[in-house]
Amino acid sequence: MTFEPTSGGDLVHLAGLPEGAGEEVLHYARALRQHFTVFKALHEVPPQFIYAAHALAEASRPLKVQPVVELAAALEDWLRARRDRVFEPDAAQLESLEQVVAALDGMAQSVSERCMPQAQPDLVQRLQSEGRPQAPAVPGREGGWESLLESQVRDDVDVQLLPVFLEEADGLGGKIRAVLRAWRESPDDERHGQSLKRLLHTLKGSARMAGAMRIGEIVHAMEDRAEDDARERMQPSFWEALSGDLERIAALLEELRAIGPAVSDRKEDAHAPEPDTPLTRAGQRAVNEHMAPFASIGGRLYRTVRQMAKELNKRVNLELPGAGVEVDRRMLERMTAPIEHLLRNAIVHGLESEPVRIRLGKSPIGEIRLDLRQESGQVVLELSDDGAGLNFAALRAKALEQGLLQPNEAASDERLAQLIFVPGFSTATEVSEVAGRGVGLDVVRAEVDALGGRIDVGSQSGQGTRFTIYLPLEPAVR
């Protein structure tokens, strides 16, 4: 069955629009707005910005909403031409992009209301006329790409972890090069691609743990590139870009070896100024009087994870996919400490030790994902780990001990999970700075309640725990 728009006077109706199709188009348009905010702050095209434009065009194509297809596709081409570049857009470019993003937002709204939006040929022409920017000079060791990276990211090296990272990076580098060669020879063999992504993920996590943030950013970009469409792998530029990234990493490793002995062994201060990373730069540039991007606390969260993982001799990778989402600044300030508590809690009592993870067939690097999004008039913050999950037997035993349950009383896992928010409730067997999985979570819930929100928890044995916090767009700060 094909979908055909119908005409009613001067207005074209999308009466036969499939269920949910308009909401999908609107979703990608909103994502486009969020990633545009990051672009304005970083002056660098996030891969997610390109994907949002591409997805918006592709979601509109089967609906035959050609005005959206044409403008979104033109924006995608404009962004791809500037991918992997740092540049200073002039006022005219920013104004044009603002008009394009606003137009696509309005178009998507029309589609959700089952109306064909008006075409925007002038905006399409403006994007197409700019074409590809002039390529910069090929960078070399004398201040080329090195100074480019230095202007965007600064390392925050942990001198104690640095030797371990350098040794591991040497081993991973050889494996990555071997897999890359094999994949280039057989580009249709997805097994090579999956192997490459696993190795890159391990290297990224180790780099961030050691505070080698520049290498972490390059590897993250390589992961994004490895996700490109299979058609991209037919182009020599795809392989050249990956090889170039490896050369950059090798040079940065040599630099770290050279400066390693000179790095002062300093104690990290949780209240020290944020390192100058893309995340904190986004926050510093985009914060206004009332709103702030989640990115503005990114550096602090990375440092919290790095400190706690080092103390416990664990390896942890933190992902912040919602860094570009803007929320009420007061709410973000109030939620920073509770978020840090949840992160520490996940590392101390959620993620298994490396030997245990290997024995269970898991990656030796624990994963924590902290996502922020706007959904149905709410801010939704979701923190998940891939650790052991809640120990429901221990929760029940402690509840019986404290008289919260009667001996013959039945209690579902959902009810037992809620006990972790009871003040003073702990399954910890020893006292530590962050005691059992649950200690202090009553404080987290109290802060969420004060903001007019709620917190849910879910857990699966051996697979991890997920906290979901729902907050109003304009919190009731009290």
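The values are calculated or read from the model by the stated rules, or taken from the named source; none is laboratory data. This one's a predicted model, so the numbers in the text were calculated from it and none came from an experiment. No Cβ is skipped: glycine too gets one built from the backbone with ideal geometry, and neighbour counts run over all protein chains shown. These accessible areas exclude ligands, DNA and RNA; they are computed on the full protein's heavy atoms, side chains included. Shrake-Rupley method; radii C 1.70, N 1.55, O 1.52, S 1.80 Å.
Quick one: is LEU42 buried (at least 19 other Cβ atoms within 10 Å of the Cβ), closer than 24 Å to ASP224 by Cβ, modelled with pLDDT under 70 and not small (Gly, Ala, Ser)?
Working: buried (at least 19 other Cβ atoms within 10 Å of the Cβ): yes; closer than 24 Å to ASP224 by Cβ: yes; modelled with pLDDT under 70: yes; not small (Gly, Ala, Ser): yes.
Yes: the conditions hold for LEU42.
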Quiz prompt | Condition check for ARG344: touching a residue at least 12 places away in the same chain (Cβ under 8 Å) and open to solvent by 10 Å² or more (accessible area, probe 1.4 Å) | solution = yes
Quiz item: Quick check: is even one residue across segment 242-265 outside any helix (DSSP H, G or I), modelled with pLDDT under 85, of a type outside the set (S, T, N, Q) and under 27 Å from GLU354 (Cβ atoms)?
Solution: yes
Quiz item: Given the conditions (1) at pLDDT 75 or above; (2) over 23 Å from ASP228 (Cβ atoms), which single one is not true for ALA21?
Solution: (1)
Exercise. Collect the residues in segment 180-213 that are open to solvent by less than 10 Å² (accessible area, probe 1.4 Å) and charged (D, E, K, R), keeping them in residue-number order.
Key: LYS204
Quiz item: Quick check, is LEU196 modelled with pLDDT of 90 or more, within 30 Å of GLU319 (Cα to Cα) and not in a loop (DSSP other than H, G, I, E, B)?
Solution: yes
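Condition first: among the hydrophobic types (A, V, I, L, M, F, W, C) and touching a Ser or Thr at 6+ places or on another chain (Cβ under 6 Å). Now tell me which residues in segment 308-363 satisfy that.
The initial filter retains those residues of segment 308-363 that are among the hydrophobic types (A, V, I, L, M, F, W, C), namely 308-309, 312, 316, 318, 320, 323, 325, 327, 331-332, 335, 337, 339, 342-343, 346-348, 351, 356, 358, 360.
Within segment 308-363, LEU343 is the sole residue that qualifies.
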Quiz item: Which of (1) assigned to a loop (DSSP other than H, G, I, E, B); (2) crowded, with 16+ Cβ neighbours inside 10 Å; (3) over 22 Å from the mean Cα position of the chain (by Cα) is the odd one out, the single condition LYS398 does not satisfy?
Solution: (1)
Quiz item: Which residue pairs have Cβ atoms closer than 6 Å, lie 6 or more positions apart in sequence or on different chains, and pair a first residue in segment 172-184 that is within 14 Å of GLY244 (Cα to Cα) with a second residue that is open to solvent by 40 Å² or more (accessible area, probe 1.4 Å) and among the acidic types (Asp, Glu)?
Solution: none
Exercise. Go through (1) of a type in the set (A, V, I, L, M, F, W, C); (2) modelled with pLDDT of 70 or more; (3) assigned to a helix (DSSP H, G or I); (4) in contact with a helix residue (DSSP H, G or I) (Cβ under 9 Å, 6 or more places away or on another chain) one by one and return the number of the condition LEU370 breaks.
Key: (3)
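Within segment 89-102, which residues are open to solvent by less than 20 Å² (accessible area, probe 1.4 Å) and either closer than 13 Å to GLN120 by Cβ or modelled with pLDDT of 90 or more (or both)?
Filtering segment 89-102 for residues open to solvent by less than 20 Å² (accessible area, probe 1.4 Å) gives 89, 96-97, 100-101.
Those that are open to solvent by less than 20 Å² (accessible area, probe 1.4 Å) and either closer than 13 Å to GLN120 by Cβ or modelled with pLDDT of 90 or more (or both): SER96, LEU97, VAL100, VAL101.
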Quiz item: Of all residues in segment 427-478, how many are open to solvent by less than 50 Å² (accessible area, probe 1.4 Å), at pLDDT 55 or above, under 18 Å from GLU352 (Cα atoms) and more than 23 Å from the chain's Cα centre (by Cα)?
Solution: 3
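So which residues in segment 118-134 are in a loop (DSSP other than H, G, I, E, B), open to solvent by less than 70 Å² (accessible area, probe 1.4 Å) and at pLDDT 90 or above? So that I can check it myself, show each step before the final result.
Filtering segment 118-134 down to residues in a loop (DSSP other than H, G, I, E, B) leaves 118-120, 131-134.
From what is left, the residues that are open to solvent by less than 70 Å² (accessible area, probe 1.4 Å) are 119-120, 131, 133.
Answer for segment 118-134, where residues must be in a loop (DSSP other than H, G, I, E, B), open to solvent by less than 70 Å² (accessible area, probe 1.4 Å) and at pLDDT 90 or above: ALA119, GLN120.
Among the residues of segment 67-85, count how many are open to solvent by 50 Å² or more (accessible area, probe 1.4 Å) and at pLDDT below 90.
Pass one, segment 67-85, residues open to solvent by 50 Å² or more (accessible area, probe 1.4 Å): 70, 77, 80, 84-85.
This time we only want the ones that are at pLDDT below 90, so: 77, 80, 84-85.
Residues flagged as open to solvent by 50 Å² or more (accessible area, probe 1.4 Å) and at pLDDT below 90 within segment 67-85 amount to 4.
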Practice problem: Would you check if LEU404 is open to solvent by less than 40 Å² (accessible area, probe 1.4 Å) and under 21 Å from VAL443 (Cα atoms)? | Solution: no
